[in-house]
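Scroll down for the structure; my scribbles are underneath it.
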Amino acid sequence: MSQIAVNVEGISKIYRLGVKERSSDNIAGMIWDFVRSPLNNFRKYRSLYRFDEAELQGLEAENGQMDDILWALKNVSFSVDEGEVVGIIGGNGAGKSTLLKILSRITPPTTGEVIIRGRVSSLLEVGTGFHPELTGRENVYLNGTILGMRKKEVDQRFDEIVAFSEVEKFLDTPVKRYSSGMRVRLAFAVAAHLEPEILIVDEVLAVGDAAFQQKCMNKMQDVGKEGRTVLFVSHNMPAVTSLCDRVIWLDQGKKVSEGPAREIVGDYLLAGSTTTACRQWNDTESAPAGRFARLLATRVITEKGDVAEHFDIQQPVGIQMEYEVLEGGEVMLPHFRVKNEDGVLVFVTLDHDPEWYQRPRPAGFYTSTVWIPGNFLNEGPYFVDCALITRHPDIPQFNELAVLSFAIAGSMEPGTARGDWPGRLSGVVSPVLEWKTDYRKG
């Protein structure tokens, strides 16, 4: 049975915001304000992070809605087993960085408890833990000392750290003269190679170039395979799904959900959508219909026929409609329009089944399915319009806009258009195409 490496129980973090002060409108009041300002400023400073029991009870009674209070985190609980790689996702201001600072013991929670078993190494900001006046070499040993390592232990890993960071030429230069990319290279190399039991990494990797980002991803995968625990925050969803076993989704300081990486990332990509992967009209009177045809159901399915909202980029996606032809003798043209999150029409697909193409359909029940191949759509959410018209003349029978939605989760696995490229590929499609390169010696 795995031992719990990180246990978070009901933590909240509250900050007091600045509010506009009232100023006196007479000379006597202004003089009195000037005399009292040192004491007021001292009280204000002490109250920024300290909340007594009465204040906390008042906040709970007001449901946290106070003008000068910000809940960076509110009642967040989860646990992480030893050797588990867990991603933390959410929009800007969701509380991800605050959570990592609490786990790294940079700041304490206002309420709740965090239990960590093991030595923690954190990379939360560019050059975290580096002293700007010290050289790169000196900062490596400084960080090792902070982690509780002896000089001999750091010596054993020093060459590996330098080789990984690729800053050997500037190793004896003060860190304050490093570029942001050089600092993050050295900081990550130190954090990953000094063998912490728990590695905490924020979005800081976005500072590095693409090649170095890939090195970092590979290193974190190695760290996870070695049985060490990794907590990873990123807006790069393919990196999260490729690296992490499980994902925790935060929004406005609260935990929305946690679970398997692809499932939670798919929910996150579809957040705010009012549509689902299945829509059915049980009441035929209210179903979309025209004189000749009525829509009964439409859904997004897997190869096994199961309704699904989340798909790996390599999986085929099936879009299906069930409809009833009310009056036979008309040529029917079922079709779908697929749009991305920006409302851009990605493609329209028409029913060209040779059995029914340009052939009048008798009255009865029909199920039409179209398959989008794997490695075709790029990662992200998609929305589907479902429509059917009769031909000659073209008369719409039903046209339901954005009736379905689904999400494609990218990955950096072999066989995808991305390959090991760490960034998101642009465009609405991401096909795997055949390449051939001929070499001729010059």
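Please specify each residue of the stretch 326-346 satisfying the condition of being hydrophobic (A, V, I, L, M, F, W, C) and not in a strand (DSSP E or B).
At the first step, the residues of the stretch 326-346 found to be hydrophobic (A, V, I, L, M, F, W, C) are 326, 331-333, 336, 338, 344-346.
Of everything in the stretch 326-346, those that are hydrophobic (A, V, I, L, M, F, W, C) and not in a strand (DSSP E or B) turn out to be Leu326, Val344.
Of the residues Thr241, Thr284, Thr302, which single one is touching a Lys or Arg at 6+ places or on another chain (Cβ under 8 Å) and assigned by TED's automatic domain parsing to the domain that holds Ala402?
Working: Thr241 fails: assigned by TED's automatic domain parsing to the domain that holds Ala402; Thr302 fails: touching a Lys or Arg at 6+ places or on another chain (Cβ under 8 Å).
Matching residue, one of Thr241, Thr284, Thr302: Thr284.
Given the structure, is Tyr323 touching a strand residue (DSSP E or B) at 6+ places or on another chain (Cβ under 8 Å), closer than 30 Å to Pro238 by Cα, assigned to a strand (DSSP E or B) and at pLDDT 90 or above? No; evaluated as a whole, the condition is false for this residue.
Here Ala417 meets each of (1) modelled with pLDDT under 90; (2) touching a Lys or Arg at 6+ places or on another chain (Cβ under 7 Å) with one exception, condition (2).
Here Leu123, Leu147 are screened, and the one residue that is more than 26 Å from Ala211 (Cβ to Cβ) and at pLDDT below 90 is Leu147. Checking each residue in the stretch 141-167 for being part of a helix (DSSP H, G or I) and among the basic types (Lys, Arg) picks out Lys151, Lys152, Arg157. Residues of the stretch 388-411 that are aromatic (Phe, Trp, Tyr) and under 18 Å from Arg294 (Cβ atoms): Phe398 alone.
Of all residues in the stretch 343-377, count the ones that are at pLDDT below 90 and either over 19 Å from Ala402 (Cβ atoms) or not assigned by TED's automatic domain parsing to the domain that holds Gln314 (or both). Walk me through how you get there before you give the answer.
Kept after step one, since they are at pLDDT below 90, are these residues of the stretch 343-377: 343-345, 352-359.
After this cut, where a residue has to be either over 19 Å from Ala402 (Cβ atoms) or not assigned by TED's automatic domain parsing to the domain that holds Gln314 (or both) as well, the list is 352-359.
Final tally of qualifying residues: 8.
For first residues located in the stretch 351-366 and without any contact (Cβ under 8 Å) to a residue 40 or more places away in the chain and surrounded by 10 or more Cβ atoms within 10 Å (Cβ to Cβ), partners that are assigned to a strand (DSSP E or B) and of a type in the set (S, T, N, Q) and lie 6+ apart or on another chain with Cβ distances below 7 Å form the pairs Asp351/Ser368.
Scan the stretch 128-143 and tell me whether some residue there is under 20 Å from Val167 (Cα atoms), touching a residue at least 40 places away in the same chain (Cβ under 8 Å) and under 24 Å from the mean Cα position of the chain (by Cα).
Yes, because at least one residue in the stretch 128-143 is under 20 Å from Val167 (Cα atoms), touching a residue at least 40 places away in the same chain (Cβ under 8 Å) and under 24 Å from the mean Cα position of the chain (by Cα).
The values are calculated or read from the model by the stated rules, or taken from the named source; none is laboratory data. In this text, all values refer to a predicted model and were calculated from it rather than measured experimentally. With ideal geometry, Cβ positions are generated from the backbone for all residues, glycine too; neighbour counts draw on all protein chains shown.
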